[in-house]
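Nothing in this text is a laboratory measurement; each read-out follows from the coordinates by a stated rule. Bear in mind that the values here come from a model prediction, so they are computed numbers and not experimental data. Methodologically, a virtual Cβ is constructed for each residue, glycine included, from the backbone with ideal geometry; neighbour enumeration extends over all protein chains shown.
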Amino acid sequence: MTTLTPATEAELCEAIAGSAAARTPLEIAGGGTRRALGRPVQAEAAVSTAAISGIRLYEPGALTLVVAAGTPLAEVEAALAAEGQRLPFEPMDHRALLGSTGEPTIGGAVACGVSGPRRIQAGACRDSMIGVRFVNGRGEAVANGGRVMKNVTGYDLVKLMAGSYGTLGVLTEVAFKVLPRPERALTLVLEGLEDARAAAALSAAVTAPFDVNGAAHLPARNGTPARTLLRVEGLEAQAEYRATSLARVLAPFGEAGRVEGEAHEALWRDIRDAARFKGRDGAVWRLSLRPSDAPGAVARLRTALGADAFYDWAGGLVWLCLPETGDAGASAIRAETARLGGHATLIRASAATRAAVEVFEPEPAPLASISAGLRAKFDPAGILNPGRMRA
Amino acid sequence: MEMPQPDARALAARELLLRRLTEALGADGVISAAEELIAYECDALTAYRCPPMAVALPRTTREVAETVRICASLGVPIVPRGAGTSLAGGSLPTADSVILGVARMNRVLEVDYPNRVIRVQTGMTNLAVTGAVQGDGFFYAPDPSSQLACAIAGNIAMNSGGAHCLKYGVTTNNLMGVTMVTAEGEVVEIGGAHLDPAGYDLLGLICGSEGQLGIVTEATLRILATPEGARPVLMGFASSEVAGACVADIIRSGVIPVAIEFMDRPCIHATEAHAKAGYPLDVEALLIVEVEGSDAEIEAQLATIKEIAGRHSPMVMRESTSEAESKAIWLGRKAAFGAMGQLGDYICLDGTVPVGTLPEVLRRTAELSAQYGLEVANVFHAGDGNLHPLIIFNANAPGELEKAEALGADLLRLCVDVGGCLTGEHGVGVEKRDLMLHQYRPADLEQQMAVKDVFDPRWMLNPAKVFPLAISESRRTAA
Ligand SMILES: Cc1cc2nc3c(=O)[nH]c(=O)nc-3n(C[C@H](O)[C@H](O)[C@H](O)COP(=O)(O)OP(=O)(O)OC[C@H]3O[C@@H](n4cnc5c(N)ncnc54)[C@H](O)[C@@H]3O)c2cc1C
């Protein structure tokens, strides 16, 4: 399969226009580390954004960053760190879980709408995005949003592009609102809580006014006791105050221990990257639910499917690992989301399973037709990542 | 300002329309008498007025759907309306339209504290949402200055912001789900009490779409725990440039205040005459910076802010030490728009600029104001560069409105030219419609209009807004 690696947006326009005319289906890739997300793509050629790279504008005093889509995430994070800032949405690195190699790019993180533990307080990937440039399936360059934090000029295609997996356009540039790094960050840890009790502790923590921005629960496994993790950050004095106050709120659930420094960083990196399932066989799912519904759903799916689970997002994000047999648990899992609301995404499975099972939650008919309509407008020839989201 | 020719077919259907709407909604759900339609002939952009054919005031999502189906079947355009406080003419009727108002749909449907969500009908006012939960220690973060009057419906349609969005974001960042009636009259659910979409981010698309993609009837909103305390500091500076530089330094420092509000000399003087908040009258610009948290957290943050401000030789530095002092500091800011109203008629702009360009933009604003001979007062959300220049004019003097609009257009072009945008929170409506091509190229707008084609193929929902009439014409007249 040939790979086109345009170096500019204009070259990308040309490449896509040519492919549209020839009806050549294209697989779109940044660093390729998230290729195995979604359904397998039926493509005849590949387009890489790797050469459309570099930080275009960074104004720490305005908290804004404009970056070319193919820029390695590591480069972006290093540039921000040098100014004491960071991306608010804490994007997951999928390499360990998916066993992929390469350098994650900012465009890939955006196209997959990847948001980590800080989602519950700092917002999703899409909430940090303030502008995009992309090339649609006709080979036309389109700009939306800009480089200012508040902008309601016309429709918000910025959000639409986040999580559209390259099926509406190929991103060439993304603008973000960034945030300062905290002076201090630490984690409070509760041990030995059952899921339902842990869910109550997570809820108590995020409904207290201490800006908790990480709230996860790792159920007991293989003799390791359950751990419930709550992250607070802030200026030096602020973080201390928040931790002390939060410990009081959590007192009914037990005495909270503290983790700081590198161990604290590692804890949240592991939650972010679903490290619990690293190197283990099985299909991996991600469910977004109303947090209080999650423990019940998990209990049923444990029994029905032999699933191992952990929780992020104050309990509202459930990660499941279960045997990849039959439909990899799809019907049982989707019965839960159908009943409770929310949605489930198959994150890791063999290509055969991902082709056979709906990877993304099926949409009800009226929404499915809107989504299909959008895809047809943005990419009339259907050449951008065909099959990646829907068959 | 130009509006399209009313559609003759829609006008001709008026009688049938009224009969069918009355059947569906009852006599008290339909307004058609000329004297009663006057209340709906404009929104807060009062320079433009036009009575609609009728006003429909449904009470349920089902009635909204029924109303939409009736209008669709008769080819009558719909202008959705919340509370009618749009400053952009977003809910300005056209002569051939039905106003579909959700004001009667103002109930709380569900409050769920453990999961931090509230579900409401969208006719509820912004302030009433916070009112419903504040007794229990929660609040709804987006706080437009119009929050006493404006409805969640309009907030969603305009993606409204407020003074505190520097920390908490704007409507789209706090909206989790909607029930929406499509242009065909079908009811759809998007999002809910869980986070993030199952596929394309349709919710993100609908928020800010100015009533052009569907009628939003219910909304699930994020509510947050009320902070333990909040305290502002007021600082006065010798020039707007210095105040602008101070803003950038505060933001760089790592403190994220919940609000940084800016007022310039004309605004300070008008406000002081009206509200008597005790603002200093010898400064060129003042900043109100508010931080939140416990007393100790507030002290720590204010110490950093004061230290930074100290480097910019402030002429005044007044830190609140009590609830009463905090109120006094905010009093003037909150009264600013009302105070400006005392000076004469005004147009309120809403461009946003990169924070680093604030000094330059303020200088150019003063130059343009002098050039046009019209006073411009500045009061705005400085932390995010969202300007609100108020152009003062006399609507009774022939030609002054046009002159004020021309100055406004120049100021908005200036915002775009320095890297900003036409509107940060008020929306495009009819007001900025014809400037869209200054910010976007035709291909950019074509892609946006293609989105409307998907949701509303016949362009029946608020059709004459957002896009320059010339470029939307073929779509509007196709049906
Ligand atoms: C004094 C004053 C201060 C203001 N301060 C602020 C501020 O600080 N921040 C800010 O962002 N705005 C501010 N505004 C502007 C205005 O209040 C907001 O735009 C507000 O969100 C409009 O709400 P509304 O309910 O009045 O909407 P309306 O004016 O009724 O309608 C606004 C738009 O929403 C659409 N719409 C209404 N209902 C629906 C529905 N159910 N479904 C789909 N579309 C719908 C309309 O068609 C229209 O395009 C201010 C206005 C005034 C007069």
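If you look at just the Cα atoms of the protein assembly as shown, how large are its Rg and its Dmax in Å?
Reported Rg and Dmax, both Å: 26.5, 84.
Can you bin every Cα-Cα distance in region A:184-272 into 10 Å intervals starting at zero and give me the percent of pairs per bin, rounded to whole numbers?
Percent of Cα pairs in each bin: 18, 55, 24, 2.
Mind listing P(r) for chain B? All alpha-carbon pairs, 20 Å bins, whole percents.
Each 20 Å bin holds this share of Cα pairs: 24, 55, 21, 1.
Which of A:G387, A:A349, A:T337 sits farthest toward the positive end of the charge dipole of region A:248-391, with +1 on the Cβ of Lys and Arg and -1 on the Cβ of Asp and Glu?
Going by the charge dipole, the pick is A:G387.
For labels at A:A372 and B:S313 in the simple 7 Å Cα→Cβ model, what's the distance in nm?
6.9 nm
Treating each Cα of region B:331-472 as an identical point scatterer and ignoring solvent, apply the Debye formula and state log10 I(q)/I(0) at q = 0.11 Å⁻¹.
Those come out to -0.46, one per q.
Debye calculation, C-alpha points only, no solvent: report log10 I(q)/I(0) for region A:275-356 at q = 0.17 Å⁻¹, in the same order as the q values.
-0.59
State to the nearest 20 debye the size of the charge dipole of chain B about its Cα centre, where the only charges are +1 on K and R beta carbons and -1 on D and E beta carbons.
Working: 37 positive and 59 negative charges, 121 e Å.
In debye, rounded to 20, chain B gives about 580.
Roughly how many whole Å is it from the C-alpha centroid of region B:316-348 to that of region B:195-247?
If we compute the Cα centre of each part, the gap is 21 Å.
For region A:191-222 and region B:99-157, compute the distance between their C-alpha centroids and round to whole Å.
28 Å
So, with +1 on the Cβ of K and R and -1 on the Cβ of D and E, and no other charges, what is the size of the charge dipole of region A:29-152 about its Cα centre, to the nearest 20 debye?
Dipole about the Cα centre, nearest 20: 340 debye.
Putting +1 on Lys and Arg Cβ atoms and -1 on Asp and Glu Cβ atoms, find which of A:V259, A:A200, A:A239 reaches farthest to the positive end of the dipole of region A:184-272.
Highest projection toward the positive end goes to A:A200.
Can you flag which of A:K150/B:K327; B:K306/B:K327; B:K276/B:K403; B:K403/B:K452; A:K159/A:K377 are past 24 Å Cα-Cα? Intermediate values should be presented prior to the final figure.
Working: A:K150/B:K327 27 Å; B:K306/B:K327 20 Å; B:K276/B:K403 31 Å; B:K403/B:K452 33 Å; A:K159/A:K377 17 Å.
Pairs exceeding the cut-off: A:K150/B:K327; B:K276/B:K403; B:K403/B:K452.
Region B:108-225: percent of C-alpha pairs farther apart than 24 Å?
Details: 1151 of 6903 pairs.
Roughly 17 percent, rounded to a whole number.
Using only helices, what value at 222 nm comes out for the protein assembly as shown when you add -39,500 (n - 2.57) per DSSP H run of length 4 or more and divide by the total residues, to the nearest 500 deg cm²/dmol?
Working: 32 runs with 314 residues, N = 870.
Helix-only estimate at 222 nm: -10500 deg cm²/dmol.
For region A:37-171, what's the radius of gyration and Dmax over Cα atoms, in angstrom?
Cα only, region A:37-171: 14.7, 45 Å (Rg, Dmax).
What number, in nm² with one decimal, is the all-direction average of the projected area of the convex hull of the alpha-carbon atoms of region B:265-363?
Average projection, Cα convex hull of region B:265-363: 7.6 nm².
What is the P(r) of region B:1-70, as percent of Cα-Cα pairs per 5 Å bin from 0?
3, 15, 23, 22, 21, 12, 4, 0
Which of B:M158, B:M449 comes first, and how do the rest follow, when ranked by fewest Cβ neighbours within 10 Å?
Working: B:M158 31, B:M449 21.
Starting with the residue having the fewest Cβ neighbours, the order is B:M449, B:M158.
Give the Cα extents of region B:162-266 along the principal axes, in whole Å, largest first.
Each principal axis gives a Cα extent; for region B:162-266 these are 58, 33, 22 Å.
Enumerate the calculated ³J(HN,Hα) couplings along region A:240-249 in order (Karplus 6.51 cos²θ - 1.76 cosθ + 1.60, θ = phi - 60°), each rounded to whole Hz, writing x wherever the residue is Gly or Pro.
These are the phi-based 3J(HN,Hα) values: 5, 4, 5, 5, 5, 5, 5, 4, 5, 4 Hz.
Largest first and in whole Å, give the semi-axes of region B:1-138's equivalent ellipsoid, each being the square root of 5 times a Cα gyration tensor eigenvalue.
Numbers: eigenvalues 189, 67, 27 Å².
Equivalent ellipsoid of region B:1-138: 31, 18, 12 Å, largest first.
Fewest first, what order do B:L414, B:L234, B:L74 take by the number of other Cβ atoms within 10 Å? Walk me through the intermediate numbers first.
On the way: B:L414 21, B:L234 28, B:L74 17.
With the fewest neighbours first, B:L414, B:L234, B:L74 line up as B:L74, B:L414, B:L234.
Give me the orientation-averaged projected area of the Cα convex hull of region B:230-417, in nm², one decimal.
Working: hull surface 39.6 nm².
Across all orientations, region B:230-417 yields a mean hull projection of 9.9 nm².
Need one word for region A:13-55: rounded, prolate or oblate. Basis is the Cα gyration tensor (sqrt eigenvalues a ≥ b ≥ c); a/c below 1.5 gives rounded, then a/b vs b/c decides.
Numbers: a/c = 3.36, a/b = 1.12, b/c = 3.00.
Since a/c reaches 1.5 but b/c is at least a/b, the shape of region A:13-55 is classed as oblate.
With only alpha-carbon atoms in the gyration tensor, what are the semi-axes of the equivalent ellipsoid for region A:208-318, in Å, largest first? Could the numbers behind the result be given before it?
On the way: eigenvalues 144, 50, 33 Å².
Those come to 27, 16, 13 Å.
May I ask you to give the average projected area over all directions of the convex hull of the Cα atoms of region A:313-369, in nm² rounded to one decimal? Numbers along the way, then the final one.
Details: hull surface 18.7 nm².
Mean orientational projected area (region A:313-369, Cα hull): 4.7 nm².
Calculate one ³J(HN,Hα) per residue across region A:114-125 by plugging θ = phi - 60° into the Karplus curve 6.51 cos²θ - 1.76 cosθ + 1.60, and present them in order as whole Hz with x for glycine and proline.
8, 10, x, x, 6, 2, 5, 10, 9, x, 7, 3
Per q in 0.10 Å⁻¹, report the Debye log10 I(q)/I(0) for chain A, using one uniform scatterer on each alpha carbon and no solvent.
Listed by q, the Debye log ratios stand at -0.67.
How large is the charge dipole for the protein assembly as shown, taken about the Cα centre, if only the Cβ atoms of Lys, Arg (+1) and Asp, Glu (-1) carry charge, to the nearest 20 debye? Write out the running numbers ahead of the final one.
On the way: 79 positive and 100 negative charges, 378 e Å.
Result for the protein assembly as shown is approximately 1820 debye, rounded to the nearest 20.
Please list the non-local residues whose amide H lies under 5 Å from the amide H of B:A259, H modeled 1.01 Å from N, same-chain partners needing a gap of 5 or more.
B:E290
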